[in-house]
């Protein structure tokens, strides 16, 4: 973590094979559900959720993510201001200076806040780091990667719909948090989701998806 003009650089390394920028976007969405994405070469921003759900390949190696539309407008009109401080993250993906088979991801932020620390830790865990020349397997993955690993053919949004349908059918008066606080009911909920999804998706994947879905639906 090094100070630089315009903010603080937070860097980590990830294996080059299989790297997908969408993993970064997915984790940012968990923290900023209304985020706006802007490619370094693009003149306008787009909803990060729409970008993440797009089917076209994402190959950008430098982009900005704003906390929400108001933040994006503020940066476009006024540049950095005290009011939009900590409401934009600049991401850069470059060749690793130390490992030929790795990439270096840099997050440029204003301050190393608790929220930024949480996101950085999530990225560090999901992307993995080379160690003595060997890539460490990731400790977590995007929802769609987890679904494929479980033999589920649904997209992330289709799986979210299954989760919503099951929760509304069996626990219509409960919030996602309340359901998560009742272990036995949560296990029954997961069983019902697996039946509807027709795949042995692990409990942890289902519950994490339900809670992440809640955050993305918040206004």
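Some points to look at:
- Percent of Cα pairs exceeding the 27 Å cut-off, where the set is the chain: 39 percent
- Between the stretch 158-219 and the stretch 97-127, the Cα center-to-center distance that results, in Å: 30 Å
- Angle between the chain longest axis and helix 156-170 axis [Cα atoms, degrees, rounded to 10]: 40 degrees
- Computed over the chain, the per-residue total of -39500 (n - 2.57) for DSSP H runs of n ≥ 4 gives a 222 nm mean residue ellipticity of -13500 deg cm²/dmol, rounded to 500.
- For the stretch 143-217, the fraction of C-alpha pairs farther apart than 21 angstrom is 16 percent.
- Tilt relative to the chain, helix 183-197 - C-alpha long axis, 0 to 90 degrees, to 10: 90 degrees
- With Cα atoms, 0 to 90° folded angle of helix 203-217 axis to the chain main axis: 60 degrees
- Solvent-free Debye scattering, log10 I(q)/I(0), computed from the Cα coordinates of the stretch 10-81 at q = 0.22, 0.24 Å⁻¹: -1.05, -1.19
- Relative to the 2.2 N^0.38 Å rule of thumb, the stretch 52-113 has a C-alpha radius of gyration ratio of 1.36.
No value in this document is a laboratory result; all are computed from the given coordinates. Just so it is clear, the model here is predicted, and its values are computed rather than measured.
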